[in-house]
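Notes to accompany the following structure.
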Amino acid sequence: MRARTARMAVLLVAAGLLPGLAARVADPPGPLLVDPSRVRVGFFFNGATLSVSARIPDGYQAVVRLSSGAERLELKEKGRVGGVLWMSVGDVVFDEAPVLYQLLTTAPLDTLAPAVLLDEWKLGYAAVIVPADGAATRMLPELVKLKERGGLYVDHEGGLRVSRDGDGVRVDGRFVLPASVRPGEYAVDLIGFSAERPFRLGSTTVVVERVGTVRMMWSLAMEHGLFYGSTAVVVALVTGLLTGLLFQSKRHGAH
Amino acid sequence: MGLLSGLFGVGGGFLMTPLLIMLGIPATIAAASDSNQIVAASASGCYAHFREGNVDLKMGLLMLVSGLVGGTVGVRLIQVLRGLGEANFVITVVYVVMLGGIGSYMFFESLSGLRRRTYARAVGRSRPSIYRRIVEALPLKMHFPRSKVTISAVMPILLGLLVGVLAAIMGVGGGFIMVPVMIYLLRMPMHVVVGTSLFQVLFTCVNVTVLQASMNHTVDFLLALLLLAGSVVGAQIGVRLGKRLHGEQLKILMAVVVLLVMAKMLLGLLVEPAALLDYKGEL
């Protein structure tokens with residue numbers, strides 16, 4: 001009897017562990033590849049496209065998340081005054097909001113896992129934006145609209161294309177960075193979903209950095225503002241006067 | 001913008017800054033970088049007009065000094081408004097009122113001049129206006145030979161101060177305000193107005209560029225370089241084109257441009273924005 005109970009107990013524990021073990025040992029995911037992993041912001045920078053690819057276990061859904069750190073955000077709320085004029089009517093504060101947040105998914109986010117797990121894994125705008133008060137909570141959709149218009153927030157359902165080859169299941173997608181992307185380090189995370197449970201399958205980073213003339217100008221502008229401004233004025237004056245000399249008229253006298 | 005500079009004696013900031021913002025440039029950077037570009041365009045146009053004898057240095061210096069004082073007052077006023085959180089709205093309303101008033105007055109006055117009908121009584125045929133009587137009663141009369149006007153020095157000083165305050169609030173060189181002020185309040189001839197206005201705009205924008213770069217770090221020199229590459233050539237073309245146009249024609253053209261910009265800004269106040277949130281410090 002005791003031996004039978006012990007065998008039952010072992011079987012039950014094994015049954016509880018098996019799904020996790022299955023996820024880890026069967027079809028191990030390949031590395032998460034992001035190309036390019038370094039984005040150089042030069043004189044002609046006009047945004048960048050990052051190609052993402054990875055292998056996921058068979059039968060899994062997936063999300064790839066590109067995100068920055070969060071910052072405190074203070075914004076102006078616009079409202080109509082007197083039924084006529086649109087103007088700023090107050091401040092709206094978000095305690096935390098990522099500068100950039102983009103998702104590529106194989107299926108709609110709300111079909112992948114329950115809301116509480118999505119929240120825990122920081123998936124979805126509502127999970128990563130922390131309003132400071134009720135007014136900010138009310139204006140959260142407007143923040144998303146503002147950021148989406150700037151290309152900084154993207155929730156691309158179906159943005160991860162699933163394909164199958166001899167080596168297993170592969171997902172591919174693209175992130176588009178706007179020209180206004182802030183230099184810094186961005187985290188790229190691959191999260192797989194099986195039976196509505198999320199699993200971290202891979203992580204990497206993307207670095208956005210100023211290079212060349214842009215980097216030099218930025219340093220000058222931030223660290224030597226007076227010299228930078230004076231130089232800008234001198235260059236502008238010389239350019240203007242030289243152009244005047246080049247185009248000088250041979251006529252004389254006032255009109 | 002360079003064409004406007006050479007043609008009308010304006011820096012073009014009142015047009016270029018809103019256009020840059022529409023292209024997605026943050027407003028503070030658009031305004032500061034455009035000041036840098038205006039230095040080049042106004043230097044180019046001012047030099048050309050100076051060679052033509054169209055710059056009244058005496059008048060220009062008086063208005064410049066008072067304009068710089070007014071600009072400092074205007075910057076302080078903006079700081080107070082920013083503290084209250086209403087700087088952007090006030091700036092836009094000032095734009096609409098100034099552009100609408102100046103543009104409308106210039107348009108109808110120039111139209112009547114072109115049609116050779118007068119809405120106002122002709123000078124010398126009836127009693128001088130209240131404004132003229134006040135101006136003539138002011139002390140410190142000075143003769144300005146290049147403009148061929150004799151007027152109290154108090155007038156250009158006061159008007160320069162007012163223009164400086166408005167220019168600081170609106171983030172522009174002040175040319176589009178200065179030109180109508182010189183024409184209608186100082187009674188200067190149009191072609192001298194253009195050159196003299198450019199002289200004042202040039203120094204105002206030199207001041208603004210250096211201050212913005214050193215205090216706010218908002219001058220994008222690369223952006224300014226791209227803008228000035230086109231505008232300095234345009235300024236020269238504008239000077240030559242201006243010589244072919246009658247004073248009234250120049251005024252009416254400028255009035256149309258000013259009114260179009262006013263209409264665009266008014267729309268921004270009346271039409272629901274795409275998003276009900278905006279970043280602080282943006283126009």
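The values are calculated or read from the model by the stated rules, or taken from the named source; none is laboratory data. Computed from a predicted structure; not experimentally measured. Positions of Cβ are generated from backbone atoms using ideal geometry, with glycine treated the same way; all protein chains shown enter the neighbour counts. Protein only, heavy atoms only, side chains kept; ligands, DNA and RNA dropped before computing areas. Shrake-Rupley method; radii C 1.70, N 1.55, O 1.52, S 1.80 Å.
Numbers at a glance
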read-out: In the stretch A:176-195, residue most open to solvent (accessible area, probe 1.4 Å) [restricted to those that are part of a strand (DSSP E or B) and over 14 Å from A:Gln102 (Cβ atoms)]; value: A:Glu185
read-out: Among the candidates A:Leu226, A:Leu237, A:Leu146, A:Leu160, residue that is touching an Asp or Glu at 6+ places or on another chain (Cβ under 8 Å) and at the interface with chain B (Cβ under 8 Å from one of its Cβ atoms); value: A:Leu146
read-out: Within the stretch B:32-77, tally of residues that are of a type in the set (A, V, I, L, M), open to solvent by less than 20 Å² (accessible area, probe 1.4 Å) and more than 8 Å from chain A (Cβ to nearest Cβ); value: 6
read-out: Test: residue in the stretch B:159-166 that is in contact with a Gly (Cβ under 9 Å, 6 or more places away or on another chain), open to solvent by 40 Å² or more (accessible area, probe 1.4 Å) and within 12 Å of chain A (Cβ to nearest Cβ); value: no
read-out: Qualifying residues in the stretch B:205-214 (those that are open to solvent by less than 20 Å² (accessible area, probe 1.4 Å) and within 19 Å of the chain's Cα centre (by Cα)) - the one nearest to B:His49 (Cα to Cα); value: B:Cys205
read-out: Selection status of A:Gly151, within 14 Å of chain B (Cβ to nearest Cβ), at positive phi and open to solvent by less than 70 Å² (accessible area, probe 1.4 Å); value: yes
read-out: Candidates B:Val192, B:Val149, B:Val165 - the one that is closer than 27 Å to B:Leu77 by Cβ and not acidic (Asp, Glu); value: B:Val165
read-out: Any chance A:Pro198 is in contact with a Leu (Cβ under 7 Å, 6 or more places away or on another chain) and within 14 Å of another protein chain (Cβ to nearest Cβ); value: no
read-out: Residue count for the stretch B:30-59, restricted to those that are in contact with a strand residue (DSSP E or B) (Cβ under 6 Å, 6 or more places away or on another chain) and not in a helix (DSSP H, G or I); value: 1
read-out: Hits in the stretch B:88-106 (condition: closer than 18 Å to B:Leu266 by Cα and away from chain A (no Cβ under 14 Å)); value: B:Met98, B:Leu99, B:Gly100, B:Gly101, B:Ile102, B:Gly103, B:Ser104, B:Tyr105
read-out: The stretch A:57-103, residues that are more than 24 Å from A:Ala179 (Cβ to Cβ), away from every other protein chain (no Cβ under 14 Å) and either touching a Cys at 6+ places or on another chain (Cβ under 8 Å) or open to solvent by less than 60 Å² (accessible area, probe 1.4 Å) (or both); value: A:Pro57, A:Tyr60, A:Ala62, A:Val63
read-out: Among (1) at pLDDT 90 or above; (2) out of contact with any strand residue (DSSP E or B) (no Cβ under 6 Å at 6 or more places or on another chain), the one test that A:Thr205 misses; value: (2)
read-out: Qualifying residue in the stretch A:202-222 (condition: part of a helix (DSSP H, G or I), of a type in the set (Phe, Trp, Tyr) and within 14 Å of chain B (Cβ to nearest Cβ)); value: yes
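Residue-by-condition table, conditions (1) open to solvent by 10 Å² or more (accessible area, probe 1.4 Å); (2) within 10 Å of chain A (Cβ to nearest Cβ); (3) touching a Phe, Trp or Tyr at 6+ places or on another chain (Cβ under 8 Å):
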| position | (1), (2), (3) |
| --- | --- |
| B:Ala168 | yes, no, no |
| B:Gly174 | no, no, no |
| B:Val192 | no, yes, no |
| B:Gly195 | no, yes, yes |
| B:Leu202 | yes, yes, no |
| B:Asn216 | yes, yes, no |
| B:Leu222 | yes, yes, yes |
| B:Ala229 | yes, yes, no |
| B:Gln236 | no, yes, yes |
